[in-house]
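> Questions regarding the structure given below will be posed in turn.
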């Protein structure tokens, strides 16, 4: 499987299960209605576990532009591949959001609160203070990317089962940040971030996770929806990228 196709599939799985659990908890007449934050955070942790396990052997399962940028900043991934990975992740996130909408279409129609419809697709701060919101997203992403550096080693599982440090794509030797065996600790890391740091902003910690579904919210014919809150949309992009670069700098400093 092409690593770019793998990133599309992995990020789509992440969004299908991640935004899916949000829809289950928030939307009217869903059987999971009002089951709470613990269910949401566990759902996202499992979403990361499944996505990483499924596509880790093909692309390293970054499924997050912040992880891709962080690995490249630490010298563990080829910068030339970063734009293609990010585009794949954005496309996968949009596909995942579309699938959630299709699965919960009747419940979107039954839900009167337009803020809940947006919350299924993208994050919103509990208290809107842009500097604080950026800082919260950066701190959460520092924990994510820094944790990835030490929880897992860059590697790629070849077709014969060997773990390689690099793989050649278009003549370039590329190091990958995650492998399938790393799925469980990374899923638990995301669970921990959600439980501990998710309250202020909803812990996007992933630009594709927020931007792709936000675009779909703007495009899809969701009855009674509000605007897509583009005034806030830069925060879950800038905060995680800044956090990823800071995590990479800290990792290099400690080597």
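Coordinate-derived values only; no laboratory data. Everything quoted here is computed from the prediction, not taken from an experiment. Please note: Cβ atoms are built from the backbone with ideal geometry, for glycine as well, and neighbour counts cover all protein chains shown.
> Taking the Cα of residue 42, stepping 7 Å toward and past its beta carbon, and measuring to each backbone N in region 7-26: which are under 14 Å?
21-22, 25
> Distances longer than 17 Å among the Cα atoms of region 213-255: what percent of all pairs is that?
Value for region 213-255 (Cα pairs over 17 Å): 52 percent.
> Provide the gained length on full extension for the span residue 151 to residue 28, in nm with one decimal, where the gain is 0.36 nm per separating residue minus the Cα-Cα distance.
40.4 nm
> Roughly how tilted is helix 3-26, in degrees to the nearest 10 and between 0 and 90, from the longest Cα axis of the chain?
30
> Now for a different question. Ranking 127, 222 by Cβ neighbours within 10 Å, fewest first, what do you get?
127, 222
> Of all the Cα-Cα pairs you can form in region 15-122, what percent are over 17 Å apart?
58
> Counting other beta carbons within 10 Å of each residue's own, what order do 234, 44, 101 fall into, fewest first?
Going from least to most buried by this count: 234, 101, 44.
> Can you tell me what percent of all Cα-Cα pairs in region 10-58 are more than 14 Å apart?
48
> Also, quick follow-up: Give me the Kirkwood hydrodynamic radius of region 3-254 in Å, from all C-alpha pairs, to one decimal place?
Kirkwood radius, region 3-254: 17.9 Å.
> Name the shape class, rounded, prolate or oblate, that the alpha-carbon gyration tensor gives for region 97-149, where a ≥ b ≥ c are the square roots of its eigenvalues, rounded holds for a/c under 1.5, and otherwise prolate holds if a/b is larger than b/c and oblate otherwise.
Oblate, since a/c reaches 1.5 and b/c is not below a/b.
> So what's the angle, to the nearest 10 degrees on a 0 to 90 scale, between helix 207-219 and the longest Cα principal axis of the chain?
40
> Right, something else. Can you put 114, 59 in order, fewest other beta carbons within 10 Å first?
114, 59
> Output the relative contact order of region 3-254, whole-number percent, from Cα pairs under 8 angstrom with separation of 6+ residues.
Result for region 3-254 is 30 percent.
> Starting with the highest mean, order 201-214, 70-83, 138-151 by the number of other Cβ atoms within 10 Å, averaged over the residues of each peptide.
Going from most to least packed, we get 201-214, 138-151, 70-83.
> Using only the alpha-carbon atoms, how far is helix 82-103 inclined from the longest principal axis of the chain? Give it as 0 to 90 degrees, nearest 10.
Result, in degrees: 30.
> Using only helices, what value at 222 nm comes out for the chain when you add -39,500 (n - 2.57) per DSSP H run of length 4 or more and divide by the total residues, to the nearest 500 deg cm²/dmol?
-21000 deg cm²/dmol
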